[in-house]
1. Put +1 on the Cβ of every Lys and Arg and -1 on every Asp and Glu Cβ in chain B; which of B:400, B:126, B:501 then has its Cα farthest towards the positive end of the dipole?
2. What number, in nm² with one decimal, is the all-direction average of the projected area of the convex hull of the alpha-carbon atoms of the range A:354-393?
3. Along the Cα-to-Cβ line of residue A:327, 7 Å from the Cα, sits a label point; which residues in the range A:260-300 have backbone N less than 17 Å from it?
4. Which of the three applies to the protein assembly as shown, rounded, prolate or oblate, going by the alpha-carbon gyration tensor with a ≥ b ≥ c and a/c under 1.5 meaning rounded?
5. Using a 10 Å cut-off around each Cβ of peptide A:39-46, what is the average number of partner chain Cβ atoms that fall inside?
6. How long are the three semi-axes of the equivalent ellipsoid for the range A:483-559, computed from the Cα gyration tensor as the root of 5 times each eigenvalue, in whole Å, largest first?
7. Based on the mean of other Cβ atoms within 10 Å per residue, sort peptides A:559-569, B:400-410, A:333-343 so the most packed one is first.
8. Over the range A:164-303, what is the relative contact order in whole percent, taking alpha-carbon pairs under 8 Å and six or more residues apart?
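Nothing in this text is a laboratory measurement; each read-out follows from the coordinates by a stated rule. What you see is a predicted model; the values in this text were computed from it and never measured. Using ideal geometry, Cβ is built from the backbone for each residue, glycine included, and neighbour counts are taken over all protein chains shown.
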Amino acid sequence: MADMTTAPELEIAPEPPPKGVQVWLRDNLFSTPASAVMTVISLIIVFLAYRGLLGFVFNPGGRWDAVTFNMKLLMVQAYPSDDLWRVWLSVGFIFALAAASFAIWRVGGKTEPRALTKVLMSIGGALVIGGLLAPFSASGTITWIVIGLVLAGLGWLVRMWAGERSKEPIVPVMGLVGIGFLLITIAIWIMEVPYPSRDADGGQIIIQQGIATTTTIPWTIIFAITAIVYVLFRLIGGSSKDGAIRGTLTVLWALSFPVLLLIVLRNPDMDISKATTFYIPVFIGFAVAGWLLLTLVTRKGLEEFGRILGAVLLLVGFASFAISMPFVIRFLLLLLALFILAAPTFGGEGAANRRYLIAWVGTVLITTVAALVISSESLINVPGSFFLGGLSLTIVLAFTSIVLSFPLGIILALGRTSTMPIFRLMSTAYIELVRGVPLITWLLVAFLMLPVALPNGIEIGGVMRAIGAMTFFSAAYLAENVRGGLQALHSGQREASKALGMSTLQETVFITLPQALRAVIPALVGQVIALFKDTSLVTIVGLFDFLHMARSVIPAQSQPFSFLGSIKWTLVFAAAVYWVFTFTFSRVSQRLEKKLGVGER
Amino acid sequence: MEGARVTVEVRQHPKTPLWRNATVLKWAAQIVVLVFTVALFMLLASQALTNFESSDISFGWTWLSSPTGVQLREGIDIAPDSGARALLVGIVNTLRVAISGIFVATILGTLIGVARLSSNYIVNKIASVYIETIRNIPLLVQIFFWSALALTLPSLTAEDVGEYFIKVSNKGFAFAWIFPGTGWVPWLMFVIVGFFIGRYVAGRRKAYQEETGNRGHGGRYWSLIVLASAIVGWFAWPLLGFLEHVFGAIESFVDALPPVIFPIIVAIAALGGAVWWIRNFFESRRTPAGFGKMTDDDWFRVIFAGFSGIAIAIAAFVIGGFALNTVAGDTQSVAELIRTGLGNFFGWLSASFAGDTAGPVAAQEATRSGGPLVFSKPAVELRGAGIPQYAPTGMLITVPFFAIWTGVTLYTAAFIAEIVRGGILAVAKGQTEAAQSVGFRRGQYLRFIILPQAFRIILPPLGNQYLNLAKNTSLGLAVAYADIVAVGFTILNQTGQSLPVVIVWMAFFVTMSLSISAVVNYYNRKLQLVDR
């Protein structure tokens, strides 16, 4: 009998699914009559909104000069112009560090040419339609249409070049980012944006076209350094020294924010005599004493003694608050007590012990340097307020609050899930009280009641109060998120660690927390984004942050240029900047989740 | 070997010494931390008191009953005669924004969330753009934006004087609305009674539908009964006039109570609660083999519960005895003030059944000759030095209210949209496929199959968003809307009483949070999947 399965006339390939633009239109836009009606209505809404947006942005009576003239005010408020190089240095350092990290950690990967084509053609199409809709002059319309067609053509070319491989990831993302930086650099050199400057005699204020060289030159240098650093680290990376480089970069990231803020931007007036007579002896004393004590308590048979010593030191440290002595000594006493109590868990023998001792010395060093720097006066003279303002103050507020609220939030979450009733009660009371009251109320409490509740002589500046209020507020929300992660943890982990004989501290630090935190990364990042947005509330209590500049300071200016009534434009600019930051955060968090495999076993 | 005796030695384990006993250490640590925290608070409080005394402000609650000279921009009483009345206006303003905002944000958020899942590309993208834009811009910026937008509307001129149905200007949006008139409380009682009768009838219709399978139309019966009772109540409300005397009698009874009754009630509740908790605890330790062993931990808990009950009972008497000044100038204790407040409430009820009071929205002057509901149109008139302003008729949405309400509602709607989308996506895809294979249309299977299942997943985060909305209304301070935070801030500036105002804020917000959480948790429990 003939083999039916191999008869050639039965081997017909199935029909390929219908492709093409008409099919896509039919399925996505006009699938049912109701859908067709909604498509028409939506298209009308989209065109009207786009036209309105373009009309607002390119309105000839628009006060965008309120934004461009006051860019320095918006970014760093009244930072002295002679010291602006410090700001550029900090920005450049962060960019270079980010470039090195991206290079070493191979961030970015590759993307498909198809995606690139889609982006280019949609931007090109939007520009063409915008050119047709917007109230431009004839030359403006033609410019827009030409640029739009060029972009769409580029997209088409990319597709042609990729050909068969348009669905494979072959386009390096970092290369696209580099091209983007290059285009931005070219744009800021040729863009015609009016800005005020003094004329040759230093007297009259004249308005010039084009961006000031005090802005274009630093940005060009920063972009160039970023590109060079990235390429350099890409070449170095992958060698045997990769681990050491990663470690160094991590340490640099951890130190960069405090060092840049406290030393570079704040420019403290450091007194060498104070350093040699007080801080260096304190450092040497505590480092040596701590080294000896820690070596002593990790010897066999002396663990009990170590715990008692640690508890006694803790009590002494708390009691020292009643005696007047320099704050740094009290703080170092408490740190020593904590290190002694944690020595059995982290210290012990051999390499771990050496690392622990080095960590102690490093901690003492950082504490004494920080104390020296903070207690010195700042040489940056900004009358009447913190030395930073504008967007830089917003970033400082957000970053400091987030970093400080993480340990507090974790402690609260552990307290809330604890078996000890009083800790549970206190943590729950704190969390429910702090979460139930809005942040603006806590800010008002910090600003109005704290000066009343503090003894005379202790003064906390406005920015410190804001950071304190936001830290306490954010810690409560973080505690709830971390609690979710703690409760999702399998109880078998706890039982296994008890069976192995781990102490509660060891189990918490090495087993419970890593798993719990990894499980709630989306919620944690959401909380970080929410806190960044909530920093805008400090404008109500009068701090000169970014929103305050945009809403109150700039629209009230009348000398030397009058910007009264420009609030709509400054607000739109502020909204756009906030949007860029938070959108970037949320995209980064999505990529981080995918990379860490959150939600997968 | 038979006959051999086996002796067993029982070795007594030495009890662990006290300083190594885990339970003792744990409780010692807890008590030390508790004492430390309490000491810290007392230190701060005493420091605050000394600072208060040195700056000549007496910290107390007298400002609640004395005039504070506060003028508010909007609310049920724009010139309150006491601090407590000003706070009441602030609370009502907050609730206005919160409750109306919750309704509209839920509806809008659900629509956008469903649109985000639409198969229509453009509708999908519009919803996506809305969510991404609104969620990523801080709420305060959005509120300022709406405020700036409303302030660019044209201002009122002398030609605008007259009556309108709708009038828009940079002083606000005014439109015609319905207000409570005379006898609205009796009329409302008719409607409420009709509501419960309708509920009962709808239940019977539903049982009929379950039994016989014919359509019971329970919903239609319910609506018709409520409508009928509203119409009947419109004309028949004076029939309830006898209740005036009933409530009057209750008022006199309350006024005659000794004020010490209220602390006694609180103390009995606290002590009773502690005793009930301790009894339950002991019952849970009882096993069929006899009374279970109580660990040290359990003893500590029992003692703590007992102490808390006694402490609350004592605190009730102490707080009840606090003396405050009233507006009339004499001194009353807190318990007496509670009694007076309760008596006033019953007095107001009694007066409303006599047809003497109009609705609580007294700012808009409704004509008294109308029935329980009065239709009022806005108008523009010249006031003061010939400045055109809105007359106090009709409903006025001021610019601050518009700014805070629009900002808060749109912002929360974006978050609700994401929650709804997540909930719908969490329902198994098989449900959609099965519904489609049986022949449901998209709108039908969304309504009958997907959304009911998604609701269980949506409810907890939805409750969270409601809480956030209620708390975000506090940003009205930034646009001069007289919500509770703004009113408290004004009082604080006028009288310098920062700590009492902060305590009032915390009490209000914690109460509101607990109430909203309680309602959401109730529905959450009802929707819980019942496990074996």
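1. In chain B, that residue is B:126.
2. Projected area, direction-averaged: 4.2 nm².
3. A:262-263, A:268-269, A:279
4. rounded
5. Partner Cβ neighbours, averaged per residue: 3.
6. Working through the eigenvalues yields semi-axes of 48, 11, 7 Å.
7. Those peptides, ordered most packed to least, come out B:400-410, A:333-343, A:559-569.
8. 13
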